[in-house]
Amino acid sequence: MAVRDRSATIGRSGIVQLHLSVAKQCTVEIRQPRDTLTLSRRKNGVNLDLIEDNPNFTGLKTAQTIPWGTIRALGPEGLQISYRVRTGRDVTLVPEFELED
């Protein structure tokens, strides 16, 4: 139900929460820097998995966000990132930004 462009800085722990979703599907796509972070998904605080096939894009299905699910990024402390979050009916399940060669 929304498309939002956001930014964040990786903290001392090397992890930053990019999005928290409650009972709504969502996707997160890293805009900058590409191919330098590791994304992970969690349901109710339990790790679902690390994203390996496309390190710049991942999503959570509605069932994975009941009651809540999160998408996090792991990377070096102090790294500035920009990313796009899609939720609800605006989820396309397809990355928008080109992979860099």
- Message: Under a crude label model (7 Å from the Cα following the beta-carbon direction), how far is Phe97 from Lys43 in nanometres?
- Response: 2.8
- In sequence order, calculated HN-Hα J values of segment 3-8 (Karplus, 6.51, -1.76, 1.60; Hz; x Gly/Pro): 10, 10, 9, 9, 9, 7
- Would you mind calculating the relative contact order of segment 35-101 from Cα pairs under 8 angstrom and at least 6 residues apart, reporting the percent as a whole number? 32
- Given the Cα-Cα distance of Arg89 and Asp35 and 0.36 nm per residue of separation, how much length would full extension add, in nm? 16.7 nm
- Net charge near Arg42, counting Lys/Arg +1 and Asp/Glu -1 over other residues with Cβ under 14 Å of its Cβ? +3
- Task: In nm, give the distance between the simple-model label positions of Gln17 and Leu74, each being 7 Å from the Cα along the Cα-to-Cβ direction.
- Result: 1.8
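Suppose all protein chains stay in the model; what accessible area per residue would a 1.4 Å probe give for the chain, in Å²? Show your work: numbers first, answer last.
Working: 5750 Å² over 101 residues.
With all protein chains present, the chain gives 57 Å² per residue.
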- Message: Using the crude model of +1 on Lys and Arg Cβ and -1 on Asp and Glu Cβ, and no other charge, please compute the dipole size for segment 34-101 relative to its Cα centre, in debye to 20.
- Response: 560
- Item | Estimated vicinal HN-Hα couplings, Hz - segment 55-62 in sequence order (Karplus 6.51, -1.76, 1.60; Gly, Pro = x) | x, 9, 8, 7, x, 10, 6, 3
- Message: Within segment 5-101, what whole-number % of the accessible surface is contributed by carbon and sulfur, with the 1.4 Å probe and all protein chains included in the calculation?
- Response: 50
- Honestly the chain on the Cα gyration tensor test (a ≥ b ≥ c root eigenvalues; a/c under 1.5 rounded, otherwise a/b vs b/c for prolate or oblate) is just oblate
- Message: As I understand it, the dipole of segment 21-101 uses +1 on the Cβ of Lys and Arg and -1 on the Cβ of Asp and Glu, about the Cα centre. Which of Ala63, Pro76, Thr36 lies farthest toward its positive end?
- Response: Ala63
- Message: Along the Cα→Cβ direction, 7 angstrom out, place labels at Glu52 and Ser82. What is the inter-label distance in nm?
- Response: 3.2
- Message: Can you tally the net charge around Pro55? Count Lys and Arg as +1, Asp and Glu as -1, for every other residue whose Cβ sits under 9 Å from the Cβ of Pro55.
- Response: -2
- Note on the structure: Per the C-alpha gyration tensor (a ≥ b ≥ c, the square roots of its eigenvalues), segment 42-101 is rounded if a/c is under 1.5, else prolate if a/b beats b/c, else oblate; here it's oblate
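The values are calculated or read from the model by the stated rules, or taken from the named source; none is laboratory data. Everything numeric here is computed off the predicted structure, so don't read it as measured data. Note that each Cβ is placed from the backbone with ideal geometry, even for glycine, and that neighbours are counted across all protein chains shown. For the accessible areas, the whole protein counts, side chains as well, though only heavy atoms, and no ligand, DNA or RNA atoms are used. Shrake-Rupley method; radii C 1.70, N 1.55, O 1.52, S 1.80 Å.
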